[in-house]
Amino acid sequence: MAVLQATRITLYLLAQRIGQLTEQIQGLEGRLARLVGRHAPQLLTVVGIGPDTAVTLLITVGGNPERLGSEASFAALCGVSPVERSSGSRQYRRLNRGGDRDANAAPALAPPRHRSSIRF
């Protein structure tokens, strides 16, 4: 009987903690959305970019966006630019292995091939 009561108390405490963490996450997500809306609202208008992805991209760009003169330079910064590679008579491309790995993993950098695959 004592084990059952201890289990119930433990589960109750875990449920309370999960509720607290959920509230904290929701509060932080709201703050991020407001910050992105204030500093780069155009990012939130792109299909597939939410506050989390927008923040990742803003962190990657940093406080000096003027250094990125083109889409190609941004792609290189994120590690998604093609790099020429040749071996003898074969020539092909591979993705740049450098760059910011968090930005590389951002879903916005790998949009679906067909627009019909986006679900609303």
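The values are calculated or read from the model by the stated rules, or taken from the named source; none is laboratory data. What you see is a predicted model; the values in this text were computed from it and never measured. Reconstructed Cβ throughout: ideal geometry from the backbone, glycine too, with neighbour counts over all protein chains shown. Ligands, DNA and RNA are excluded from the accessible area calculation, which covers all protein heavy atoms including side chains. Shrake-Rupley method; radii C 1.70, N 1.55, O 1.52, S 1.80 Å.
If you check Leu44 against the conditions, is it open to solvent by 40 Å² or more (accessible area, probe 1.4 Å) and without any contact (Cβ under 8 Å) to a residue 24 or more places away in the chain? Considered against the rule, which asks whether it is open to solvent by 40 Å² or more (accessible area, probe 1.4 Å) and without any contact (Cβ under 8 Å) to a residue 24 or more places away in the chain, Leu44 comes out as yes.
When you look at Leu77, is it under 15 Å from Ala103 (Cβ atoms), open to solvent by less than 70 Å² (accessible area, probe 1.4 Å) and either part of a helix (DSSP H, G or I) or among the basic types (Lys, Arg) (or both), yes or no? Yes.
Would you pick out the residues in segment 10-28 that are open to solvent by 90 Å² or more (accessible area, probe 1.4 Å) and β-branched (Val, Ile, Thr)? Result: Ile18, Ile25. From the list Val83, Val55, Val47, the one residue that fits, being in a strand (DSSP E or B), out of contact with any Ser or Thr (no Cβ under 9 Å at 6 or more places or on another chain) and hydrophobic (A, V, I, L, M, F, W, C), is Val83.
Screening segment 100-119 for residues that are open to solvent by less than 60 Å² (accessible area, probe 1.4 Å) and at pLDDT 75 or above and picking the one that is nearest to the chain's Cα centre (by Cα) gives Ala103. When we screen Arg38, Arg31, Arg85 for residues that are exposed (fewer than 10 other Cβ atoms within 10 Å of the Cβ) and either at pLDDT 75 or above or in contact with an Asp or Glu (Cβ under 6 Å, 6 or more places away or on another chain) (or both), the only hit is Arg38.
Filtered by the rule that a residue be in a loop (DSSP other than H, G, I, E, B) and among the polar types (S, T, N, Q), segment 58-74 gives Asn64, Ser70.
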